[in-house]
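Enquirer: Can you keep this structure in mind? I'll have questions shortly.
The values are calculated or read from the model by the stated rules, or taken from the named source; none is laboratory data. Just so you know, these numbers come straight off a predicted model, no measurement behind them. Methodologically, a virtual Cβ is constructed for each residue, glycine included, from the backbone with ideal geometry; neighbour enumeration extends over all protein chains shown.
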Amino acid sequence: MGTLHLDDLRQYSDALRCRNGIVVTVRFVEPRDAATLQSYFRSLSVRSRYNRFFSAMRELPDNLLEQFMHVGERDEFSVLATTKIDGFEIVVGEARYAFHPEAASVELGLSVDDRWQGQGIGSALLRNLECRAAALGAKRLFCDTLRSNEAMIGLARKSGFTLTSNPDDWKLARFVKQIDTGPLDIACASWRLAATRIDAGLAYR
Ligand SMILES: CC(C)(COP(=O)(O)OP(=O)(O)OC[C@H]1O[C@@H](n2cnc3c(N)ncnc32)[C@H](O)[C@@H]1OP(=O)(O)O)[C@@H](O)C(=O)NCCC(=O)NCCS
């Protein structure tokens, strides 16, 4: 498989239309985003942060923030979901996904700003992550969530994921979705192109 060349991160941005006509851009985190990302996590409700990280934290610890900022390192990727208000970009969600080549699977975690929840952003982001996973060559997408997290359980079910158990932690539910789309069938145009280039053994920049 070819490698993602991340020299110009902006070429991997997608515009998603959500419910109520909200247009959200999904783009890789860039070095300039560290403070924005941290204030996004600080502004989440205590419950959303707990559901996202399975532990009580007021903000991202330095080591975790560092990991979020290094897109592509160890096949781990962070994206921001943003929208524009009065010409200013604001962050309405984020996701992080990790490609495990040996298992041909992608593991993901995501959140949507509390003020923007319930408007289809989580669903659109998850669909986009499916495209990104397929472009990496993954055959399986999965996500761990607390068994008490009704919103994520509802979102995963609605998005076609199947409930299984986490082999290491009984408190967590694991949602799994098989990806059986070939490169040409990927629903997002940008990732279809990326996948066909990877398939042809071309590194892309
Ligand atoms: C889970 C989360 C990402 C959902 O995002 P969202 O943008 O609100 O989701 P959507 O608006 O796309 O909702 C899609 C579906 O999810 C389900 N859902 C969403 N919120 C729900 C809730 N509070 N209770 C039950 N089901 C819910 C519904 O089936 C919904 O479809 P519907 O609106 O047609 O009924 C969001 O609640 C969140 O960020 N939570 C905190 C972080 C987190 O829990 N992350 C998951 C673990 S990594």
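Enquirer: For the stretch 131-165, enumerate the residues that are more than 24 Å from residue 119 (Cβ to Cβ), in contact with a Ser or Thr (Cβ under 6 Å, 6 or more places away or on another chain) and aliphatic (A, V, I, L, M).
Expert: Within the stretch 131-165, 134, 138 meet the criteria.
Enquirer: Can you run down the residue pairs with Cβ atoms below 6 Å, 6 or more apart or on separate chains, where the first is in the stretch 146-157 and at negative phi and the partner is of a type in the set (A, V, I, L, M)?
Expert: Taking only residues 6 or more apart or on different chains, the pairs are 147/173.
Enquirer: Mind listing whichever residues of the stretch 166-181 are loosely packed, with under 12 Cβ neighbours inside 10 Å and either within 11 Å of the ligand (Cβ to nearest atom) or free of Cβ contacts under 8 Å to residues at least 24 places away in the same chain (or both)?
Expert: Within the stretch 166-181, 167, 168, 170 qualify.
Enquirer: Tell me which residues, restricted to the stretch 108-133, are within 10 Å of the ligand (Cβ to nearest atom) and either at positive phi or touching a Cys at 6+ places or on another chain (Cβ under 7 Å) (or both).
Expert: The answer is 108, 109, 118, 119, 120, 121, 124.
Enquirer: Could we say that residue 137 is at pLDDT below 95, over 21 Å from residue 30 (Cβ atoms) and crowded, with 17+ Cβ neighbours inside 10 Å here?
Expert: Taking the combined requirement at face value, the residue satisfies it.
Enquirer: Filter the stretch 155-186 for residues that are assigned to a strand (DSSP E or B) and farther than 14 Å from residue 140 by Cα and give the result.
Expert: Once the filter is applied, which keeps residues that are assigned to a strand (DSSP E or B) and farther than 14 Å from residue 140 by Cα, the stretch 155-186 yields 165, 172, 173.
Enquirer: If you go through the stretch 134-165, how many residues are away from the ligand (no atom under 14 Å from the Cβ) and either of a type in the set (Lys, Arg) or out of contact with any helix residue (DSSP H, G or I) (no Cβ under 9 Å at 6 or more places or on another chain) (or both)?
Expert: So the count comes out to 4.
Enquirer: Test each condition in (1) of a type outside the set (Val, Ile, Thr); (2) more than 20 Å from residue 140 (Cβ to Cβ); (3) under 14 Å from the mean Cα position of the chain (by Cα) for residue 98 and report the one that comes out false.
Expert: (2)
Enquirer: How about the stretch 39-56: which of its residues are assigned to a loop (DSSP other than H, G, I, E, B), free of Cβ contacts under 8 Å to residues at least 12 places away in the same chain and aliphatic (A, V, I, L, M)?
Expert: Matches in the stretch 39-56: 56 only.
Enquirer: Related question: If we keep just the residues of the stretch 1-46 that are at pLDDT 90 or above, of a type in the set (A, V, I, L, M) and crowded, with 16+ Cβ neighbours inside 10 Å, which is nearest to the ligand (Cβ to nearest atom)?
Expert: 44
Enquirer: May I ask you to list pairs of residues, at least six apart or on different chains, whose Cβ atoms are under 8 Å apart, with the first in the stretch 188-201 being hydroxyl-bearing (Ser, Thr, Tyr) and the second being at pLDDT 75 or above and not in a helix (DSSP H, G or I)?
Expert: If the second residue must be at pLDDT 75 or above and not in a helix (DSSP H, G or I), the pairs left are 190/13; 190/14.
Enquirer: Continuing with this model, one more query. Starting from the stretch 74-103, take each residue that is of a type in the set (Lys, Arg) and in a loop (DSSP other than H, G, I, E, B) and list its partners that are within 12 Å of the ligand (Cβ to nearest atom) and at pLDDT below 95, counting only C-beta distances under 9 angstrom and pairs at least six apart or across chains.
Expert: none
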